[in-house]
4 protein chains.
Amino acid sequence: MCRWIAYSGQPLYIDQLVLKPEHSLIEQSRDARKAVHTTNADGFGVGWYGDRPTPGVYRDIHPAWNDPNLHDLVEQIQSRLFLAHIRAATGTPVQKTNCHPFRHGRWLFVHNGLINEFPALKRDLVMKVAPERYPNIEGSTDSEIMFHLALTFGLDDDPLRAIEKMAGFVEHVAREHGVADALQMTLGISDGHRLIGVRYSTERSSRSLFLSRDTEAMCELHPQGQCSSGRSLAIVSEPLSSLTACWQEIPESTAVVIESGEVRTVDFAPSD
Amino acid sequence: MCRWIAYSGQPLYIDQLVLKPEHSLIEQSRDARKAVHTTNADGFGVGWYGDRPTPGVYRDIHPAWNDPNLHDLVEQIQSRLFLAHIRAATGTPVQKTNCHPFRHGRWLFVHNGLINEFPALKRDLVMKVAPERYPNIEGSTDSEIMFHLALTFGLDDDPLRAIEKMAGFVEHVAREHGVADALQMTLGISDGHRLIGVRYSTERSSRSLFLSRDTEAMCELHPQGQCSSGRSLAIVSEPLSSLTACWQEIPESTAVVIESGEVRTVDFAPSD
Amino acid sequence: MCRWIAYSGQPLYIDQLVLKPEHSLIEQSRDARKAVHTTNADGFGVGWYGDRPTPGVYRDIHPAWNDPNLHDLVEQIQSRLFLAHIRAATGTPVQKTNCHPFRHGRWLFVHNGLINEFPALKRDLVMKVAPERYPNIEGSTDSEIMFHLALTFGLDDDPLRAIEKMAGFVEHVAREHGVADALQMTLGISDGHRLIGVRYSTERSSRSLFLSRDTEAMCELHPQGQCSSGRSLAIVSEPLSSLTACWQEIPESTAVVIESGEVRTVDFAPSD
Amino acid sequence: MCRWIAYSGQPLYIDQLVLKPEHSLIEQSRDARKAVHTTNADGFGVGWYGDRPTPGVYRDIHPAWNDPNLHDLVEQIQSRLFLAHIRAATGTPVQKTNCHPFRHGRWLFVHNGLINEFPALKRDLVMKVAPERYPNIEGSTDSEIMFHLALTFGLDDDPLRAIEKMAGFVEHVAREHGVADALQMTLGISDGHRLIGVRYSTERSSRSLFLSRDTEAMCELHPQGQCSSGRSLAIVSEPLSSLTACWQEIPESTAVVIESGEVRTVDFAPSD
């Protein structure tokens, strides 16, 4: 159902993660190894933080491998914090507003997974979105609703708590409708300072998620050792290289917070 | 704000109305005469009734004038009842799910106009859509919500009554939010038997809508007088030719129902 | 590098071959079994003969599996002779003018395969296209050049001879440039009466091509035995079902001509 | 037939010319004032020089006004030299490879105008492109052929001379075919150092082209007077504001070369 990567660290041309690695995100759009669907060709998106107050987003509905604009943009744009996503649609239309990342103010949000039986639950989920935030919903995916629920539950104030509340609420609504295995998610979220990765599923059998072993994995992505002056880290749905020693799996029910080059790992549990 | 045409009568190649007339719908996508926006280039759609249980729909996000597929399809497809629409977006994204006609079962629905301050009213409007119908909403336009409200209010049982209830409800919600001039609409609606045209606006200054003066106007669209064997009629946002005598304006607050070649004209008034 | 199907026989809704079979063409866009690339998602096209003087063509650049228009059109359109194609690009841009079928007058043309080292040979190949036909070239693929070469060599007068000359000329130009294994092709070509399938490659190791064992294979695609009143046949890159007994492989260096329900099989050899 | 802008000077967010002015390029896509077509909605493109060896290009086939990616990119990307173009197609397909700017190595090229009766002349024009450059032609426009002819005639060595030779050759071929008024063009060309604007037509009645009166016109586009430290200049198809005193018309048959903030104006005459 999708693959994504996120990066935080020294400014890096985005192609260093999206295009150039042996098993780059673009390569995964054609042939993902650890995914439920091997083809992730129902659109893609890149979001990056630059010098402007809000991050930039480039999303389109083509397979990532055949979009010449994507190749140009990731080659030209450098960023110290970016997220990129390739989509395998699970029932909702292929349109830009359904492509990740979703953006609100300074927040970017990518998701791999799904809300089980989403059409049956959607109305109850959407009703919980703060009415003043409701008009900001542009597309029709479960992912975007999860984002706006998290915003409603206080993403600005306490991101991890808001995401836990969101997950708890989705599971609550699913229970009310008799839907099992409510939530399957890996999330990448940022406000331009913190980069948060979450791996969780109701059934405790979540989509894969990996964290780079900082310098080992990331330095090979930098030309001329420019990464020595600071810690650069990536969170990815699946390793970008066959050097598996460079990537550590993020455990089940776990959140990772990267800020100023420091990594904090915490348990993740849905809450009321 | 869009332009549309609808046709009911002898089977006709769709290009006879969409492509070939002097002031065809495709010509209007570039240069509408009676429209608020002269350019209607934010997508288009055609819906037609054939031999299958549900009508076909072809919608895309390009300007109608530069889509080669549209030219081919309207040249190849004959239909006894079809609607076509060109869009000028008023704030919602340009994506297929926001293009008209909208379809549900045998129903097709096109709209020109808008709900005033739609973002402010949208949540209350959507909440009124029958919960079991809610998951069928695919896009983000005011038009599609109007369609699903009409379905909720009984479009299958009493179409005109359901449309009047929809208009009444929109005006009710607008009043609650202190929004003036709630609704501006011309509508084209069909279930494959009846073709309904409605012209209405809260401020009683509605977008233009015209009915062909049957044989006079329509026969010139048929090759070799094949229209003699029955009555063919069209409803259009603006006349397809400069032969203005061939087109009669549909009055304010009026609905026109075409069925089996007969035209019925009735007053239209929003209701509770 | 692509997959295609072609049909000739009793009028058939196109979805009976493109959408409904167990291993339909749309299914092959995601997961082809006998193809060099398992994903054929760089655009698609359908061409069909109806009542108009020239065939209709619908081509777009999305993966076939996620285009809602394609689903609607193949469900609505019936035809006695049609071709459909899904593309895996081999170096040329993903744009409508590079999607198959190519059309000229009454001719439709689909191709699976490639001209080896096409960029190096292209200029010499294009120069051979009749100057008055040159402006008709719209895209940038090897396939379209092969089509216009065949037209130049007399497709209207003697189709098989013209295709053999085209293949011979491509191999001649390749030899002049020292390019081995010049041509790899399966072709589907029609003028609305004859349907021609060709399987050939310079190295005599051609992409797969199958012919339906008429009634056995095709009747299961027809509702209520309506196929009994005539012979319906299909040529396909790979079988549409696991009933392999229903499909016979077309041998290497062979052309198949279907006309009025009769099948003629002839050797295919490039010529000067 | 198209509108374009080009900028050279202090690094500037591209939106300062493309999106923000009263009569910005995006505004011109909907409503050009001095154009043959008031709607320029058949695609667009932006090319910019950054830190990488080759410039970036973003081109798409939608109307510029409704592409959310374009808005984001011009808001995020700063450049000291960029070109942007909106297209009104004159007979060739709407596809990315037909959108401007065209790029080759460090060169970018935009064109407004046309080669008269291009289909009749195309083959002879293309034949003159250096054979080793021929495979680089990706699309089907007259503009791209003009670019590759200029490259063939020595754009790298003596740009103005190469452009004059290109214009002379086009007129020569037109004369041979008995085509009058061969060439209509304004051109914007850059190698990342020089920015060249050309205004010329065979009939000496060329599309409009304007040069900013440096500081007067451009400073108003810079926030907080940051333009004081150097000269910034723009060449535009039509003024971006109603302050007409800020823009001077480039005369007929004239080329303007901007390099290191200096403007050089020279006569332009097609040559053999």
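The values are calculated or read from the model by the stated rules, or taken from the named source; none is laboratory data. Quick caveat, the model's predicted, so the values are computed rather than measured. Glycine gets a Cβ as well: all are built from the backbone with ideal geometry, and neighbour counts include every protein chain shown. Accessible surface areas use protein heavy atoms only, side chains included; no ligands, DNA or RNA. Shrake-Rupley method; radii C 1.70, N 1.55, O 1.52, S 1.80 Å.
Odds and ends about this structure:
- Relative contact order, whole percent, for the range B:1-143 stands at 29, derived from Cα pairs under 8 Å and 6 or more residues apart.
- Between this copy and the others, label points of C:ASP272 are 4.0, 9.1, 9.3 nm apart in ascending order, each placed 7 angstrom from Cα in the Cβ direction.
- Closest approach to the axis carrying A onto B, counted by Cβ on chain A and given in whole Å with its residue, is A:GLN95, 2.
- Accessible area per residue (1.4 Å probe, heavy atoms of protein chains only) ranks C:ASP191, B:ASP31 as B:ASP31, C:ASP191, with the largest value leading.
- Inter-label distance, nm, simple model (7 Å from Cα along the C-beta direction), C:ARG52/A:ASP51: 5.3
- Tail beyond 20 Å, pair distance distribution of the range A:32-105 (Cα, percent): 32
- With Cα atoms defining each centre, the range A:71-87 and the range B:48-98 are spaced 35 Å apart in the structure.
- The calculated 222 nm mean residue ellipticity attributable to helices in the protein assembly as shown amounts to -7000 deg cm²/dmol, summing -39500 (n - 2.57) over DSSP H runs of n ≥ 4 and dividing by all residues.
- The listed residues D:ARG106, D:ARG59, C:ARG87, once ranked by accessible area (1.4 Å probe) with the largest placed first, stand as D:ARG106, D:ARG59, C:ARG87.
- Translational diffusion coefficient of the range A:1-130 (Stokes-Einstein, Kirkwood radius from Cα pairs, 4 °C, 1.567 mPa s): 85 µm²/s.
- Cα pair distances exceeding 50 angstrom across the protein assembly as shown, given as percent: 26
- Between the beta carbons of D:HIS193 and C:ASP31, assuming R0 = 60 Å, the FRET efficiency works out to 0.75 to the nearest 0.05.
- Distance from the range B:189-211 to the range A:157-210 (C-alpha centre basis), Å: 46
- FRET efficiency, D:ASP157 to D:LYS20 (Cβ-Cβ, R0 30 Å, nearest 0.05): 0.20
- Entry note: the range A:1-44 has Rg to Rh equal to 1.00, where both radii use alpha-carbon atoms and Rh is the Kirkwood radius.
- Ligands, DNA and RNA aside, A:ARG52 has an accessible area near 40 Å² when probed at 1.4 Å.
- Note on D:ARG33: accessible area approximately 140 square angstrom, rounded to 10, probe 1.4 Å, nucleic acids and ligands left out.
- What the Cβ-Cβ distance of B:SER253 and A:SER241 gives, at R0 = 60 Å and to the nearest 0.05, is a FRET efficiency of 0.30.
- Ratio Rg/Rh, restricted to the range C:76-223 and using Cα atoms, in which Rh is the Kirkwood radius: 0.98
- List A:TYR13, C:TYR7, ordered by accessible area with a 1.4 Å probe, largest first: A:TYR13, C:TYR7
- With label points defined 7 Å past Cα in the direction of Cβ, position C:PRO119 shows copy-to-copy spacings of 3.0, 4.6, 4.6 nm, given to one decimal and shortest first.
- Measuring only protein heavy atoms, the 1.4 Å probe finds D:ASP158 accessible over about 80 Å².
- Convex hull projection area averaged over all views, chain A, Cα basis, nm²: 12.9
- For the range A:64-132, projected area of the alpha-carbon convex hull averaged over all directions, nm²: 6.5
- Buried accessible surface for the C/D chain pair comes to about 1300 Å², total over both chains, computed with a 1.4 Å probe.
- Relative contact order computed over chain B (Cα-Cα under 8 Å; 6+ residues apart), in percent: 21
- Inter-copy label distances at B:ARG213 (7 Å, Cα→Cβ; nm, one decimal): 5.8, 6.7, 8.6
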